[in-house]
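We did not get these values from a lab; they are worked out from the coordinates using the rules stated. This structure is a prediction, so every number in the text was calculated from the model and none was measured. Reconstructed Cβ throughout: ideal geometry from the backbone, glycine too, with neighbour counts over all protein chains shown.
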Amino acid sequence: MYKQVQTIMDLKTENAAIADESKFEYKRILTGDRPTGPLHLGHYAGSLKNRVRLQDKYETFILIADIQALTTNFEHPEKLKDNIFLVALDNLSAGIDPNLSTIVIQSMIPEISELTTFFSMLISINPLKHNPTIKTEAKERGYEELTYGFLGYPVSQTADIAVFKADLVPVGIDQLPHIELARKIIRKFNELYCGKLVEPYALIDKFPRLVGLDGNLKMSKSYGNAINLSDDYDSIKTKIRSALTDKNRIHPTDRGNPDICTIYSYHRAFSDENLIKETEYNCKNGKIGCVKCKDNLFEVIKKLLEPMNERRAYYLDNKDEIWDILLTGTAKAKAIASETIKEVKESMKMLYILP
Ligand code: TRP
């Protein structure tokens with residue numbers, strides 16, 4: 001079913017890194033977020049929504065990747081604690097059930113850093129330098145020189161996946177090169193040391209990335225063009241009203257082109273089939289003004305966020321519960337990770353002295 005990806009991206013038909021759910025039995029999912037600020041609708045459409053659905057089917061681990069966040073935000077480690085809380089809150093509000101999913105703080109699992117070091121021997125620098133996602137990200141951030149940590153984050157991400165023996169990694173399409181790399185590193189490890197680590201597959205969600213309110217290709221906190229899941233309704237309404245539509249459309253009776261309209265792309269991501277069709281027809285035939293169309297979208301988004309805001313209010317009244325969930329999740333993950341590291345060292349003949 002995840003083959004839908006081929007309709008949105010020109011991918012090779014049989015991409016080895018993309019899961020074919022009909023062929024294998026998958027068990028464990030690992031997915032992650034960098035705690036760099038509040039999550040937005042782009043995160044929801046591109047991963048959170050899928051994550052909530054998948055937790056019923058697979059054993060789910062959600063990693064709050066604070067060390068990975070340092071690769072781009074190393075000047076401000078003091079912000080991590082608040083951001084970890086916010087990311088956990090956003091996940092739980094979106095419908096992640098702590099009884100079904102395990103939420104884990106990355107830096108509290110030192111085994112991940114240990115495995116990163118072992119893996120770093122198995123990959124040369126060139127494929128990292130040429131990794132298209134690293135290149136795009138470095139360009140977007142204006143980096144002229146890359147730190148060792150930033151260049152190597154796909155290696156540390158490989159350790160995130162391998163330490164939990166996850167076989168499925170639901171990610172946005174931009175993360176696909178990282179999953180391919182993870183498969184290569186893990187395969188090399190297994191071949192060299194007769195290891196038993198699991199080669200993961202990517203699960204690519206069918207939604208292409210959500211565009212920003214300003215029409216920019218990417219909704220992103222750093223571009224200031226995002227609707228956060230935690231925004232209040234008034235500011236969401238204001239943000240939607242300010243969004244870029246078809247610039248050539250001046251009057252409500254002008255014929256519009258929904259394909260170049262930000263608001264229409266949001267309708268496609270969040271509205272039901274009828275409203276999508278109606279919006280397309282009315283826009284193309286000059287039968288609806290942009291303001292009305294925006295207000296329709298606002299109602300859809302409000303309805304989407306209402307149950308999330310109920311859960312958010314509960315957790316904001318019970319903040320300690322979030323830290324408890326993180327502590328329990330991290331402890332469970334730690335037990336799995338230390339088991340894996342023991343196996344890793346065993347295959348590498350590095351269990352020198354047994355306690
Ligand atoms: N790189 C991912 C992102 O920026 C976050 C992440 C960290 C992740 N570790 C992971 C995703 C492991 C999947 C698996 O969104």
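Each row is one residue, and each column tells you yes or no for (1) buried (at least 18 other Cβ atoms within 10 Å of the Cβ); (2) of a type outside the set (D, E, K, R).
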site: Thr102; (1), (2): yes, yes
site: Ile123; (1), (2): no, yes
site: Asn126; (1), (2): no, yes
site: His130; (1), (2): no, yes
site: Arg141; (1), (2): no, no
site: Pro154; (1), (2): yes, yes
site: Ile161; (1), (2): yes, yes
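If I filter the range 329-355 down to residues being polar (S, T, N, Q) and over 22 Å from the mean Cα position of the chain (by Cα), which single residue comes out as surrounded by the fewest Cβ atoms within 10 Å (Cβ to Cβ)? Walk me through how you get there before you give the answer.
Filtering the range 329-355 for residues polar (S, T, N, Q) gives 330, 338, 340, 347.
Now narrow it down to the ones that are over 22 Å from the mean Cα position of the chain (by Cα): 338, 340, 347.
On the way: Ser338: 15, Thr340: 20, Ser347: 17.
Checked the range 329-355; the qualifying residue surrounded by the fewest Cβ atoms within 10 Å (Cβ to Cβ) is Ser338.
Could we say that Ile240 is more than 23 Å from Ile173 (Cβ to Cβ) and either crowded, with 17+ Cβ neighbours inside 10 Å or among the hydroxyl-bearing types (Ser, Thr, Tyr) (or both) here? Can you show your working first?
Details: more than 23 Å from Ile173 (Cβ to Cβ): yes; either crowded, with 17+ Cβ neighbours inside 10 Å or among the hydroxyl-bearing types (Ser, Thr, Tyr) (or both): yes.
For Ile240, the condition - more than 23 Å from Ile173 (Cβ to Cβ) and either crowded, with 17+ Cβ neighbours inside 10 Å or among the hydroxyl-bearing types (Ser, Thr, Tyr) (or both) - is met.
So for the range 216-227 (the condition being touching a His at 6+ places or on another chain (Cβ under 9 Å), within 14 Å of the ligand (Cβ to nearest atom) and among the hydroxyl-bearing types (Ser, Thr, Tyr)), does at least one residue qualify?
Checked the range 216-227: at least one residue is touching a His at 6+ places or on another chain (Cβ under 9 Å), within 14 Å of the ligand (Cβ to nearest atom) and among the hydroxyl-bearing types (Ser, Thr, Tyr).
If you take the residues in the range 14-57 that are part of a loop (DSSP other than H, G, I, E, B) and within 14 Å of the ligand (Cβ to nearest atom), which one is surrounded by the fewest Cβ atoms within 10 Å (Cβ to Cβ)? So that I can check it myself, show each step before the final result.
Taking the range 14-57 and keeping what is part of a loop (DSSP other than H, G, I, E, B), we get 14-17, 19-27, 34-39, 55-57.
Retained after the next criterion (residues that are within 14 Å of the ligand (Cβ to nearest atom)): 17, 19, 34-37, 39.
Working: Ala17: 20, Ala19: 22, Arg34: 20, Pro35: 26, Thr36: 21, Gly37: 18, Leu39: 24.
The selected residue is Gly37.
Determine whether the range 96-105 contains at least one residue that is polar (S, T, N, Q) and in a helix (DSSP H, G or I). Before the answer, list the steps.
Initial filter on the range 96-105 (polar (S, T, N, Q)): 99, 101-102.
Cutting the leftovers down to in a helix (DSSP H, G or I) gives us none.
Within the range 96-105, not a single residue is polar (S, T, N, Q) and in a helix (DSSP H, G or I).
Name the residue that is surrounded by the fewest Cβ atoms within 10 Å (Cβ to Cβ), counting only residues in the range 168-202 that are closer than 26 Å to Glu137 by Cα and among the acidic types (Asp, Glu).
As a first pass, look at the range 168-202 and keep what is closer than 26 Å to Glu137 by Cα: 168-186, 199-202.
So of that shortlist, the ones also among the acidic types (Asp, Glu) come out as 174, 180, 199.
Details: Asp174: 14, Glu180: 18, Glu199: 18.
Restricting to residues being closer than 26 Å to Glu137 by Cα and among the acidic types (Asp, Glu), the top hit is Asp174.
What is the one condition in (1) part of a helix (DSSP H, G or I); (2) surrounded by fewer than 16 Cβ atoms within 10 Å (Cβ to Cβ); (3) in contact (Cβ under 8 Å) with a residue 60 or more places away in the chain that Asp234 does not satisfy?
(3)
Scan (1) within 12 Å of the ligand (Cβ to nearest atom); (2) out of contact with any Leu (no Cβ under 8 Å at 6 or more places or on another chain); (3) free of Cβ contacts under 8 Å to residues at least 60 places away in the same chain for the single condition Asp66 breaks and write down its number.
That leaves (2) as the condition not met.
Out of all the residues in the range 74-84, is one or more of a type in the set (Val, Ile, Thr), free of Cβ contacts under 8 Å to residues at least 60 places away in the same chain and closer than 30 Å to Tyr233 by Cα? So that I can check it myself, show each step before the final result.
Residues of the range 74-84 of a type in the set (Val, Ile, Thr): 84.
This time we only want the ones that are free of Cβ contacts under 8 Å to residues at least 60 places away in the same chain, so: none.
Within the range 74-84 (the criterion being of a type in the set (Val, Ile, Thr), free of Cβ contacts under 8 Å to residues at least 60 places away in the same chain and closer than 30 Å to Tyr233 by Cα), the answer is no, since none of the residues qualifies.
Name the residues in the range 243-266 that are closer than 28 Å to Arg312 by Cα and out of contact with any helix residue (DSSP H, G or I) (no Cβ under 9 Å at 6 or more places or on another chain), would you?
Across the range 243-266, the qualifying residue is only Thr262.
Out of the range 178-188, which residues are more than 11 Å from the ligand (Cβ to nearest atom) and either hydrophobic (A, V, I, L, M, F, W, C) or without any contact (Cβ under 8 Å) to a residue 60 or more places away in the chain (or both)?
Filtering the range 178-188 down to residues more than 11 Å from the ligand (Cβ to nearest atom) leaves 180-181, 183-188.
Hits for the range 178-188 are Leu181, Ile185, Ile186, Arg187.
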